[in-house]
Amino acid sequence: MCGIAGILEFNNGAADADIIRRMTDALSHRGPDADGFFTENELAFGHRRLSIIDLSAAANQPFFDHTGRYVIVFNGEMYNYQEVKQLIDDYPFHTTSDTEVLIAAYARWGSDCLRYFRGMFAFAVWDRQEKELFIARDRLGVKPLYFYQDAHRLFFASEIRSILSTGLVKRKLDTAALVDYFSYQSVSYPYSLVEGIQQLEAGAWMKIKDGQVEKGKYWDVTRTMTDFDFSDRRGVERMIRDLLLQSVERRLVSDVPVGAFLSGGIDSSAVVGLMAEAGTSRPNTFNVSFEEKEFDESYYAGLIAKKFNTEHTRLLMKPTAFLDELTNALDSMDIPSGDGINSYVVSKAVRQHGITVALSGVGGDELFAGYPFFAQYLRLQKMGPWWMLPAGVRRLIADGWAGRETQGRKGRMRQLLQGSSPSIDQAYPVFRQILSPSLLDRLTTLAADGMAYTAVAKELKTRQAELAKLPLLSQVSAAEYLGYTQHTLLKDTDQMSMAVSLEVREPFFDQDLLEFVLAVPDQLKKPAYPKSLLVESLKPLLPDEVVHRKKQGFLFPWKHWLKNELRGFCDGQIKNMARRPFIKEEALLSYWQRFLSGDETVRWSEVWLFIVLEYWMERNQLS
């Protein structure tokens, strides 16, 4: 796990060694163990290393293949590198690193090497002979990669702030991306919040030669194929167990100790149980616990730790620790997010106990229909006759039922009933929205005539035919992957853990597991109880006390904190944001006052988006 940066100059320009050093220094938190640079004519690479596999200096980057033709910078881990290494029997390996396997694979197969890889990665290879740059990103988008291109050069890096550190990219807000941010608390491919800086799409690659850019996709979540007899339920459950065990085994590959987050919920408990089965030593588990019973889950974590004989550490905190770390967490955001504070605090606590790699249970809800809107989507499909009514009639009925509400459950249902169909491209953007189009229009000058303006909705629309071929519950999972999962959950996990130099690995985001579960028919996946297919597949791994307890999670009193402990901080941010040209000043200030006065129709998560964005803009000096 590392940070990478690069410069490719066009028009016979020479890459600036000082600039690549600045870019790399901006990523120092991602790799405290070593830095490295390569500059040659038009090309410059920079690398910051967090040593996980092959801890020797011989594995430092930038790394050359044995001929000297190719040089690579690589962020992430290739979990199956030992398997791929066996396929390249004529290469003279001199390290035990996955980096050398990756560059040997590229030297052998070129861009086709990507189909062999199982892991989380973003990497760049420079062909010194052909003067060609190749950049690629993992299938699920676990590892970030941003780039900026103009007529003179291309920059790329693991973080936006690395590209901004060049001083050659205008610090200008991309207001077109703000609709996505306010709607979903994050920004979707291909945009970022900085004008001109783009995200490389997950599961994609790009080649740059002679100033010309070629892009391609090597994997698509909506086009996966699985040949399996799903009439055999026990066979399905055995396959899910085998694939999840394989996923955990892959993520135990490390030359440093591997820990695990253990909340005591189904997902993290499943990961820890399989770690105990797959590993050769006792798992190191960590639970963040509280004296306040309404937040504390340590009892259930303790049950799992005892059952699987883990080296368990209970990290006792006060809820106010999250307040104390607030500005540190906000400072760590390479991109603003309405979420992520919890991830920062937990990651920091685990890192302080000497762990540099930790497994997480994130992703179980998305893959095994753990959220309420999975069931809501099924119910929506049963209302087929509703969409046969004229649009004007449906609008009148929906308005009459929901009244003037635009937010909350009634507001979302109103949007769904007024949509043109119950298809996933229409429904998912409504399920996941934070600010509704009407509220966004009241508070900002941004064009938000319905969710169709968001990048998420456009992405789903272009994939409508492929999504429709999936089982209904898998349509929601695929939409989750293309939306919240990729652009909020995984980004927050990466930026908040790497801010404290902790590598987090997510077994539920495994290509082989994901492809199989997406093909499972609804009748097998529809929950009899929360995530029942997952639990039944792992029986008797998880105790009933964990399986059937009420879902808890980090439900801290942010609404109270914003009105009290954080009021001064938030008030200043809101007032500064209100003066921004894309904000309707009086409307935002009025909405903030309604929140402070106890208006229950104003949610803390809505105003929080404005606060976080203003803090991020000020810190990064964006105009």
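The values are calculated or read from the model by the stated rules, or taken from the named source; none is laboratory data. Keep in mind the model is a prediction, meaning the values are calculated, not measured. Positions of Cβ are backbone-derived with ideal geometry, glycine not excepted, and every protein chain shown enters the neighbour counts.
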Single condition residue 310 does not satisfy, out of (1) surrounded by fewer than 16 Cβ atoms within 10 Å (Cβ to Cβ); (2) among the β-branched types (Val, Ile, Thr); (3) over 30 Å from residue 122 (Cβ atoms)
(1)
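For residue 586, state whether it is among the charged types (D, E, K, R) and surrounded by 15 or more Cβ atoms within 10 Å (Cβ to Cβ). Show your work before the answer.
Working: among the charged types (D, E, K, R): yes; surrounded by 15 or more Cβ atoms within 10 Å (Cβ to Cβ): no.
So residue 586 does not fit the description; no.
Out of the residues in the range 522-535 that are surrounded by 15 or more Cβ atoms within 10 Å (Cβ to Cβ) and of a type outside the set (Lys, Arg), state the one that is nearest to residue 378 (Cα to Cα). Quick ask: steps written out before the conclusion?
Looking only at the range 522-535, we keep the residues that are surrounded by 15 or more Cβ atoms within 10 Å (Cβ to Cβ), and these are 522, 524-527, 530-535.
Retained after the next criterion (residues that are of a type outside the set (Lys, Arg)): 522, 524, 527, 530, 532-535.
Details: 522: 10, 524: 14, 527: 12, 530: 15, 532: 17, 533: 17, 534: 19, 535: 21 Å.
Per the stated criteria, the residue is 522.
This table checks each residue for (1) touching a Ser or Thr at 6+ places or on another chain (Cβ under 9 Å); (2) assigned by TED's automatic domain parsing to the domain that holds residue 470; (3) closer than 24 Å to residue 39 by Cβ; (4) in a loop (DSSP other than H, G, I, E, B).
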site: 121; (1), (2), (3), (4): no, no, yes, no
site: 136; (1), (2), (3), (4): yes, no, yes, no
site: 169; (1), (2), (3), (4): no, no, yes, yes
site: 186; (1), (2), (3), (4): yes, no, no, yes
site: 207; (1), (2), (3), (4): yes, no, yes, no
May I ask you to say which residue of 263, 298, 269 is without any contact (Cβ under 8 Å) to a residue 40 or more places away in the chain, in contact with a Gly (Cβ under 8 Å, 6 or more places away or on another chain), of a type in the set (Ser, Thr, Tyr) and not assigned by TED's automatic domain parsing to the domain that holds residue 81?
298
Looking at the range 435-453 only, could you name the residues that are in contact with a helix residue (DSSP H, G or I) (Cβ under 6 Å, 6 or more places away or on another chain), in a loop (DSSP other than H, G, I, E, B) and at pLDDT 90 or above?
435
Does residue 520 satisfy the criteria of being at pLDDT 95 or above and not acidic (Asp, Glu)?
yes
Which of the residues spanning the range 328-342 are out of contact with any Asp or Glu (no Cβ under 7 Å at 6 or more places or on another chain) and within 23 Å of residue 292 (Cβ to Cβ)?
328, 329, 341, 342
Identify the single condition in (1) buried (at least 21 other Cβ atoms within 10 Å of the Cβ); (2) not in a helix (DSSP H, G or I) that residue 104 does not satisfy, given that it satisfies every other one.
(2)
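Condition check ((1) more than 19 Å from residue 494 (Cβ to Cβ); (2) out of contact with any helix residue (DSSP H, G or I) (no Cβ under 7 Å at 6 or more places or on another chain); (3) assigned by TED's automatic domain parsing to the domain that holds residue 259) across all residues:
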{"residue": "12", "(1), (2), (3)": "yes, yes, no"}
{"residue": "19", "(1), (2), (3)": "yes, yes, no"}
{"residue": "25", "(1), (2), (3)": "yes, yes, no"}
{"residue": "30", "(1), (2), (3)": "no, no, no"}
{"residue": "52", "(1), (2), (3)": "no, yes, no"}
{"residue": "67", "(1), (2), (3)": "yes, yes, no"}
{"residue": "70", "(1), (2), (3)": "yes, no, no"}
{"residue": "81", "(1), (2), (3)": "yes, no, no"}
{"residue": "86", "(1), (2), (3)": "yes, yes, no"}
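Here is a list: 55, 133. Which entry is of a type in the set (A, V, I, L, M), touching an Asp or Glu at 6+ places or on another chain (Cβ under 9 Å) and surrounded by fewer than 18 Cβ atoms within 10 Å (Cβ to Cβ)?
Result: 55 is the single residue among 55, 133 that is of a type in the set (A, V, I, L, M), touching an Asp or Glu at 6+ places or on another chain (Cβ under 9 Å) and surrounded by fewer than 18 Cβ atoms within 10 Å (Cβ to Cβ).
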Condition met for residue 269 (out of contact with any Lys or Arg (no Cβ under 7 Å at 6 or more places or on another chain), modelled with pLDDT of 95 or more and small (Gly, Ala, Ser))
yes
Quick one: is residue 216 touching a residue at least 24 places away in the same chain (Cβ under 8 Å), closer than 20 Å to residue 113 by Cα and either in contact with a strand residue (DSSP E or B) (Cβ under 6 Å, 6 or more places away or on another chain) or not hydroxyl-bearing (Ser, Thr, Tyr) (or both)?
yes
If you take the residues in the range 46-81 that are in a loop (DSSP other than H, G, I, E, B) and of a type in the set (S, T, N, Q), which one is nearest to residue 356 (Cα to Cα)?
51
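Results for (1) surrounded by fewer than 19 Cβ atoms within 10 Å (Cβ to Cβ); (2) in a strand (DSSP E or B), shown as yes or no for each residue.
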| residue | (1), (2) |
| --- | --- |
| 155 | no, yes |
| 192 | no, no |
| 214 | yes, yes |
| 231 | yes, no |
| 242 | yes, no |
Selected residue (only one of 604, 592, 561 is buried (at least 16 other Cβ atoms within 10 Å of the Cβ) and more than 23 Å from residue 290 (Cβ to Cβ)):
592
For the range 544-594, name all the residues that are polar (S, T, N, Q) and either under 20 Å from residue 297 (Cβ atoms) or part of a loop (DSSP other than H, G, I, E, B) (or both).
552, 564
